[in-house]
Amino acid sequence: MLNTLPDKQFWVQLKQTSGLDFNRTIQYLFFSTVIWSAVNFGRFRRHTAEALLKSALTDKANTELKYQFAEAQNAFLKQQINPHLLFNTLNAIYSTVYQHSPEDSRSVLLLSDIMRYSFKDPGPGGRVPLAEEIRQVENLIDLNSFRYHHMIRPDFRVTGEAGAHTIIPLVLITLTENMFKHGDLRLSPHAVEITISKGGQLRYVTQNVPKVLRPAEPGSHVGLKNTRLRLDYAYPDNYRLELTETTELFTLELHINLAYDGSNH
């Protein structure tokens, strides 16, 4: 009996360890699946928006042009399937992951918050509170920082008060995502700066070292193109978007007159 006791302890510990590893594997498989679905669904929505925008641009004489632009804008905000299953799954994953790693579970909350915001219908004039858009930019930065094990985090600074200002949704988020996609954030500088003046002038700037040049993938600049088109529609002659790129530094600078509400548009 004395000789068999260590063997029993060994098998008990092995079963416990194996069970824990299996549970963690299942959790991360679920988490990876949801992340993959969210990313690819976002691409589908962007491609849908691009198709609608191109259709509107090819027929400027059409009397329903403005309506088509509005529909294209809303393509960024709506989807054709019910999102409840996705959010319920995220909640279930959060509850499970939290039991083993509260720090890891926070990334699920960040993703859920960003996605809820992207599905939310905008307010009057197709705009949302500027403070909410800025909060989601910070969420996106936090989420990407988690992806890179907190070793990469852009400098993020906001100057001025968002106050009662509004903006069309997902513009600042898309431009921030563009920096993560095309920038080498292992190198400095890597910064996101937002300045709001009292008169409602918004200045958004990102700076980063570009990744090693390589052939552009099809659709790699869809988000930026659609952002320009949305800005053209929402802020005609009231915005400026400038890109400056060298082999050493990429700078994106956006100015928007937030006081323009489109009432005469």
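Odds and ends about this structure:
- Inter-label distance, nm, simple model (7 Å from Cα along the C-beta direction), ALA191/HIS150: 2.4
- Karplus (6.51, -1.76, 1.60) ³J(HN,Hα), θ = phi - 60°, over the range 88-98, in Hz, Gly and Pro reported as x: 5, 5, 4, 5, 5, 5, 4, 4, 6, 5, 4
- Theoretical gain in end-to-end length, ARG157 to TYR260 [0.36 nm per residue, Cα-Cα removed]: 34.6 nm
- Placed amide H near THR166: partners under 5 Å, 5+ positions off or other chain: LEU130
- All other residues whose Cβ lies under 10 angstrom from that of LEU110 are scored, Lys and Arg at +1 and Asp and Glu at -1, for a net of -2.
- Rounded to the nearest whole Hz, the Karplus-based 3J(HN,Hα) values (6.51 cos²θ - 1.76 cosθ + 1.60, θ = phi - 60°) of the range 105-118 follow the sequence 5, 5, 5, 5, 5, 4, 4, 4, 5, 5, 5, 4, 5, 5, with x at glycine and proline.
- The gain in end-to-end length when the LEU249 to LYS211 segment is fully stretched comes to 12.7 nm, 0.36 nm per residue minus the alpha carbon separation.
Throughout, read-outs are computed from the coordinates displayed, never taken from laboratory work. It should be emphasised that the depicted structure is a prediction, and the values quoted were computed from it without experimental measurement. Cβ coordinates were reconstructed from backbone atoms using ideal geometry, including for glycine residues, and neighbour counts include every protein chain displayed.
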